[in-house]
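The values are calculated or read from the model by the stated rules, or taken from the named source; none is laboratory data. Just so it is clear, the structure is predicted and the values come from calculations on it, not from any experiment. Don't worry about glycine lacking a Cβ; one is built from the backbone with ideal geometry, like all the others, and counts go over all protein chains shown. Just so you know, the surface numbers come from the protein's heavy atoms only, side chains and all, with ligands and any DNA or RNA stripped out. Shrake-Rupley method; radii C 1.70, N 1.55, O 1.52, S 1.80 Å.
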Amino acid sequence: MRMTNKIMRNNSAYNINQNKILQDKLTNQMTNQSKIVRPSDDPVVAIRALRLRSNVTAVSQYNDRNAKDAEQWLTLTADAMKTVGDVLDSLYKQASAAPAKFQTTDDLRIYLTQVKQLTAEFYSCANVDYAGRYVFSGYRTDLPVTFTEEDMKERRAHPVSYNIDEEFGFQDIRRINYTDFDKLRENLGGTTGPTTAPGITDTDSYEQHVKNSSMYSFRISYNNLDSLTKTDMAGNPQKMTITIPEYKYTETDTTTTPPTVTDYTYNNVKLEITVPAGTTAGTNGGLAASVNVVSAEDAAGNKYPDPTATPPTTLPTQLVTEAEATFRDVQEFSDQEVAYKAIADGTCTGIAYIPTSGELVFSEDFYKANFSENAFKDGKSFQVNYDKSEWETGDINPVHYFNCVETINTAAEGETAVLRKTWYNSQREEGRNQDIYYDVGYNQQIQVNTRADEIFTHDVQRDLDDFQYYLKQLEDIDKLKTDLETKQKEYAEDSDEYKDLALRIAGADKAWGYIREDIHTKFENQISKYQKYQEDSQVAMTDNATRGSRLELISTRLTNQKATFKELQQDNEGIDITEVAVELTASELTYNAALMATGKIMQTNLMNFI
C-alpha cells in the first residue's frame, strides 16, 4: 500500500487532536478537582457520584438544618420549663412556710401578693416563642397560650365568646368549708352596737349559731362565666348543660302485694339549665333555674330520645319526673359567699351555680345521694357546657385545652353584628394529638414540642382565687370584731348592750378560729397540690431532656455520616493531583513533540523520496 502525504497529514492531525483532547481532559480535572466533567466521561463514576451527592445533601439537610432547628426548639422549651420549675418551687416553699408564718390578715395579704406575682410569671412562660411560633401551642403556633394585651385590644374591637365543654372526674370533686357568722350582725345599728338595749333573750345563741359547714363543688377552670340571666351573642337565652355519668333511683309500686320495687339506672343524663326571663332572686339571694332532662341512655345502651327509631323513642316518664325532681333546686348566685350560705343553711338543696367564681356547689347530703366513685368508672365523666365572654390579659385560651366553639363579632363598631363561628377540638383527642415532629434522619423523627396542657394547669390561678376568698372572709371577720370591740367601749360593763357585744365578740373569736383553721387546712392541701404541679412539670422537663439527649446522639451520628459520605464522594470523584499533574506534563510534552514531528513530515513530499 502506498502511503501518501494526505494520509500522513490526516493521521498526524488525528493523533494531535487526540493528544489535545487528553490534555484538555487533564486540564479540566486539575481545574475542577474531579475525575469527570460529564457523565459520558465515566458512567459508573457518574452514577455513584449522583447517589453520594444525594446522600450528602440529605444528611446536610438533616444535620445542618432540621437537627439544629429541633435543638434550638428543645433548648428554648427547656429554658422556659426551668423557669416554670423555679416558680413552682417558690410557690411550694411559700405554702410550706405559710402555716407557721402567715397568721394574721396582713400576713395572708403579703403571701397573696407574692403568690400573685409568681402565678403571673408561671403563665407568662406559656407564651415563649421561637422565630414567631409559640412553642407550647401545638399545631396552632400562631396563637399564644394565654391572652396578651394585643389580644385584648382585638377583643375590645371584636367581642368574642367561647362555648366550652369541660369534663370532670370523681377526683375533681373537692370539699370546701364555709363559716357562717351572720347571726353576729343581727339587730346592729349599721355595723356597730345593738339598736336598743333589747333585754337579751337570745344572747346565749351567738356562738351556737357560728357554724363551719362542709360542702362539695366542681371548680370550673375559669371564673367570671356568663350568667344564665343574659343572652348569648346571637341574642338567644343563655343555658348551661350538665351531663351526669350515672343516675339511679328506685321506684316502688304500692298497687301490688307485696309492693314491687324496680331499680332504674340511666347513664349520661344530660340536663339543660336555664333561668327564665323575669326571674327574681329569692330570700336567699338565689335565682331559681329551670332544669330539663334532654337526653339519656339506659343500662342496655338504648338512647333517649332516639331519632333513628320508628317511631322515635322519647324520654321515659320515670326518668323525666324523677331526675328533674332530683335536680329541680338549681339556683344561680351572683355572690360566692351568699351561695355558700344557701347551701349551708339548706335553702338551696340542689346545685348552686356561681358564675363569678366559676363553681357548681352542692351540699354533703346531695353529694352522697347523687355522686359515687363507681359512677365515674370506665371513662365516664361529669360534663359541663358553659359560655364565657369576659376575658382578661393572662387568661388561658380555651382552644388549647377544651372542645369549644369560638363566636366572634367581625363587624366594625357601630355596624350590624356579623358572627363567625369556629369549632376547635371537635374530636375528643384532637387537642391532645398536636405533637410536632422534625425529620432528623432516614425514617427518623423526633418530637420537639411540649403541649401547654402537659405543664400549664388552670389550677394554679384557681388556687389563688380560693386564697383570695379566704382573705376576704378573714378581713370581714376582723372588721366585724374590731367594730364590735370599738362599740363595746361606749357602754358600761353592767349594761345589756355591753354583755350583748361581749357575746358577739366571743362568737367572732369562734368564727375567726374556724376561718383560720380552714386557711391552715388550705395551706396544708396546697403543699401537696404544688408538689403535684412540680411532678407534672418535672415529667414534661424529663421528656424534653430525653428527646434532647436522643437528638444529640442523632446529631453525632449524622455528623459522622456526613464526613463518611464526603470521604466516599472524594474517593469517587476526586483526583490525585500529583498523578494528574505528571500526566498533564507528559501530555504537553507529547503534544509539542507531535507538533514538531508533524511539521517536519509536512515539509517533505513524494518527490523528495524519489
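Counting only Cβ charges, +1 for Lys and Arg and -1 for Asp and Glu, the dipole size of the range 460-499 around its Cα centre is about 120 debye. Helix 496-573 and the longest principal axis of the Cα set of the chain meet at an angle near 10°. Taken over the chain, the convex hull of the Cα atoms encloses 316 Å³ per residue.
Between the range 150-192 and the range 459-501, the alpha-carbon centres lie 22 Å apart.
Compared with the dominant principal axis of the Cα atoms in the chain, helix 5-32 is inclined by about 30°. The figure for Glu251 is an accessible area of roughly 60 square angstrom, using a 1.4 Å probe on the protein chains alone. Take 369-378, 397-406 and order them by the average number of nearby Cβ atoms within 10 Å per residue, most first; the result is 397-406, 369-378. In the chain, the calculated helix contribution to ellipticity at 222 nm averages -16000 deg cm²/dmol per residue, counting -39,500 (n - 2.57) for every DSSP H run with n ≥ 4. Measure nothing but the geometry: give the 0 to 90° angle between the long axis through the Cα atoms of 317-326 and the longest principal axis through the Cα atoms of the chain, rounded to 10°. The helix 317-326 is inclined about 70 degrees to the chain.
FRET efficiency for the Val539 to Leu568 pair, using the beta carbon distance and R₀ = 41 Å, is estimated at 0.40.
Considering only Asn292, Thr410, Phe371, and ranking their Cα positions along the charge dipole of the chain that arises from unit charges at the beta-carbon of Lys, Arg, Asp and Glu, the one farthest toward the positive end is Thr410. Measure out, as a whole number of angstrom, how far apart the alpha-carbon centroids of the range 313-337 and the range 69-89 sit. Their Cα centres are 47 Å away from one another.
Around the Cα centre of the chain, unit charges on the Cβ atoms of Lys, Arg, Asp and Glu (plus for the first two, minus for the last two) sum to a dipole of about 4480 debye. Packing around the peptides 117-123, 168-174, 6-12, 305-311, taken as the average count of other Cβ atoms within 10 Å per residue, puts them in this order, highest first: 117-123, 168-174, 6-12, 305-311. These residues, Arg219, Arg48, go from largest to smallest accessible area, 1.4 Å probe, as Arg48, Arg219. Cα gyration tensor of the range 335-392, axes a ≥ b ≥ c as square roots of the eigenvalues: rounded (a/c below 1.5), prolate (a/b > b/c) or oblate? Oblate is the answer for the range 335-392, as a/c is 1.5 or above yet b/c matches or exceeds a/b. Round to a whole angstrom and tell me the spacing of the C-alpha centers of the range 253-306 and the range 204-234. Cα centroid of the range 253-306 versus Cα centroid of the range 204-234: 22 Å apart.
A 1.4 Å probe run over the chain, with the rest of the protein chains in place, finds 52 Å² accessible per residue. Once all protein chains are placed together, Thr317 keeps about 100 Å² accessible to a 1.4 angstrom probe. Note on the chain: dipole from Cβ charges, positive end direction compared against Leu225, Thr314, Asn163; the farthest Cα belongs to Asn163.
Split the accessible area of the chain by element, probe 1.4 Å, and carbon with sulfur accounts for 50%. A Cβ-based charge dipole, computed about the Cα centre of the range 330-489 with Lys and Arg at +1 and Asp and Glu at -1, lands at about 260 debye.
Ordering Ala13, Asn302, Gly132 by the projection of their Cα atoms onto the charge dipole of the chain, which places +1 on the Cβ of Lys and Arg and -1 on the Cβ of Asp and Glu, puts Ala13 at the extreme positive end.
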